[in-house]
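Only one structure is covered here, and it is reproduced in the block below.
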Amino acid sequence: MADKVKKAIAIFDSGFGGLTLMRQIIKTLPSENIIYFGDNLNAPYGDKSKNEIINLAKKAAFFLYQKDIKALLIGCNTASVYAYDEISRHFFGLPVIDVISPSLKMVFPLSKDKKIGVIATKATIYSQLYRKQILAYNPTAQVFSLACPTFAPMIERGEFENLKEIKRALLPLIKKKIDFLLLACTHYPIIQEKIKEAIGEEVTILDPSSAITLELENFLKRAQLKNEGSLRGRYEFYTSGDAVKFKTIAEKILGIKINIPIVYLS
Ligand code: DGL
């Protein structure tokens, strides 16, 4: 069991988005070893077809599967929506955790007026999964879903301050006078401050990374896989994109120095 505990948690995303989860895991579970794969070459996933998303997500997951890991966190909403079933069905008994249910659990305790905005990629919004799940829980809620297809590419370019574009994209939601906004794409917490500036101080914004990390922690405890050691975790990075660019942007998001990632072409 001791050896199993020391194995890494693997996370993948279409690019830098999953680092918002990694950032939270480092804070909450500092002894965990983590392997991160950013499929930056193929970002954004959110503009792709269902089949393309499934194929890319499967390749990323199976690349990580070969790395002697104890669990896989799909650090991407789009891949969680379309590829979770497919990946977990073929993951040879290794646990797979998605990002959707932990964030949904937080919606109702936090939204006062039940005027709920959901922003995500085109593919996630098109699936209607969040809308359906929120309404299944409370049919009287008002749900306003909006795809923000310019956000992930902007973040992939390292542009975190483009308030003009953020305001332009959020205009349809600003008009709806929502009281609560769910960030249903792991990239978006990176620009959360600017989203707040655009949408207004009075709107409660949910970055689900704490809820997702808590779910991961509970899972690890239940499975007796939590690393309780006193040593700091080791981090390993892979990207299908430009390694130098990855290092620069990832350091900005994580707030720590990292080793240059290994390039892996998925
Ligand atoms: N970070 C991803 C998500 O959570 C996807 C962004 C993209 O590649 O379009 O949906």
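Among the residues that make up region 197-208, is at least one of them in contact with a Ser or Thr (Cβ under 6 Å, 6 or more places away or on another chain), at pLDDT 95 or above and either under 30 Å from residue 6 (Cα atoms) or aromatic (Phe, Trp, Tyr) (or both)?
Scanning region 197-208, I find at least one residue that is in contact with a Ser or Thr (Cβ under 6 Å, 6 or more places away or on another chain), at pLDDT 95 or above and either under 30 Å from residue 6 (Cα atoms) or aromatic (Phe, Trp, Tyr) (or both), so the answer is yes.
For region 220-248, give me each residue that is assigned to a strand (DSSP E or B) and over 26 Å from residue 15 (Cβ atoms).
Of everything in region 220-248, nothing turns out to be assigned to a strand (DSSP E or B) and over 26 Å from residue 15 (Cβ atoms).
Determine, yes or no, whether residue 217 is under 19 Å from the mean Cα position of the chain (by Cα) and not in a loop (DSSP other than H, G, I, E, B).
yes
Tell me yes or no: at least one residue of region 134-149 is under 14 Å from residue 111 (Cβ atoms), away from the ligand (no atom under 16 Å from the Cβ), without any contact (Cβ under 8 Å) to a residue 12 or more places away in the chain and surrounded by 13 or more Cβ atoms within 10 Å (Cβ to Cβ).
Here is the first cut: in region 134-149, the ones under 14 Å from residue 111 (Cβ atoms) are 134-135, 137-138, 140-144.
From what is left, the residues that are away from the ligand (no atom under 16 Å from the Cβ) are 134-135, 137-138, 140-144.
In the following step, the residues that additionally are without any contact (Cβ under 8 Å) to a residue 12 or more places away in the chain were identified as 135.
Add one more test, that the residue is surrounded by 13 or more Cβ atoms within 10 Å (Cβ to Cβ), and what stays is 135.
Yes; the residues of region 134-149 include at least one that is under 14 Å from residue 111 (Cβ atoms), away from the ligand (no atom under 16 Å from the Cβ), without any contact (Cβ under 8 Å) to a residue 12 or more places away in the chain and surrounded by 13 or more Cβ atoms within 10 Å (Cβ to Cβ).
Here is a yes/no grid of residues against (1) among the polar types (S, T, N, Q); (2) more than 22 Å from residue 22 (Cβ to Cβ); (3) surrounded by 17 or more Cβ atoms within 10 Å (Cβ to Cβ); (4) modelled with pLDDT under 95:
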{"site": "103", "(1), (2), (3), (4)": "yes, no, yes, yes"}
{"site": "107", "(1), (2), (3), (4)": "no, yes, yes, yes"}
{"site": "110", "(1), (2), (3), (4)": "no, yes, no, yes"}
{"site": "123", "(1), (2), (3), (4)": "no, yes, yes, no"}
{"site": "129", "(1), (2), (3), (4)": "no, yes, yes, no"}
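Pairs please, first residue from region 180-208 and free of Cβ contacts under 8 Å to residues at least 12 places away in the same chain and more than 17 Å from residue 17 (Cβ to Cβ), second anywhere and assigned to a loop (DSSP other than H, G, I, E, B) and of a type in the set (Phe, Trp, Tyr), Cβ atoms under 7 Å, 6+ apart in sequence or on different chains.
none
I'd like the full set of residues that are among the basic types (Lys, Arg) and touching a residue at least 40 places away in the same chain (Cβ under 8 Å), limited to region 28-63.
48, 50, 59
Just to verify a result, which residue in region 35-85, among those that are surrounded by fewer than 24 Cβ atoms within 10 Å (Cβ to Cβ), hydrophobic (A, V, I, L, M, F, W, C) and in contact with a Lys or Arg (Cβ under 7 Å, 6 or more places away or on another chain), is nearest to residue 15 (Cα to Cα)?
The selected residue is 35.
Taking helices (runs of 4 or more DSSP H) that do not extend beyond region 16-104, which have at least 1 residues that are more than 17 Å from residue 123 (Cβ to Cβ) and within 13 Å of the ligand (Cβ to nearest atom)? First the steps, then the outcome.
Numbers: elements: 19-28, 50-65, 77-89.
Counting at least 1 such residues, we get 19-28.
Could you check region 19-40 and list, in sequence order, the residues that are more than 14 Å from residue 235 (Cα to Cα) and in contact with a strand residue (DSSP E or B) (Cβ under 8 Å, 6 or more places away or on another chain)?
Listed by number, the residues that qualify are 39, 40.
What is the one condition in (1) farther than 22 Å from residue 170 by Cα; (2) within 14 Å of the ligand (Cβ to nearest atom) that residue 109 does not satisfy?
(2)
Could you list, in sequence order, the residues of region 174-209 that are over 26 Å from residue 15 (Cα atoms) and either of a type in the set (A, V, I, L, M) or assigned to a helix (DSSP H, G or I) (or both)?
Within region 174-209, 174, 178, 203 qualify.
The values are calculated or read from the model by the stated rules, or taken from the named source; none is laboratory data. All values reported here derive from a predicted model rather than from experimental measurement. Don't worry about glycine lacking a Cβ; one is built from the backbone with ideal geometry, like all the others, and counts go over all protein chains shown.
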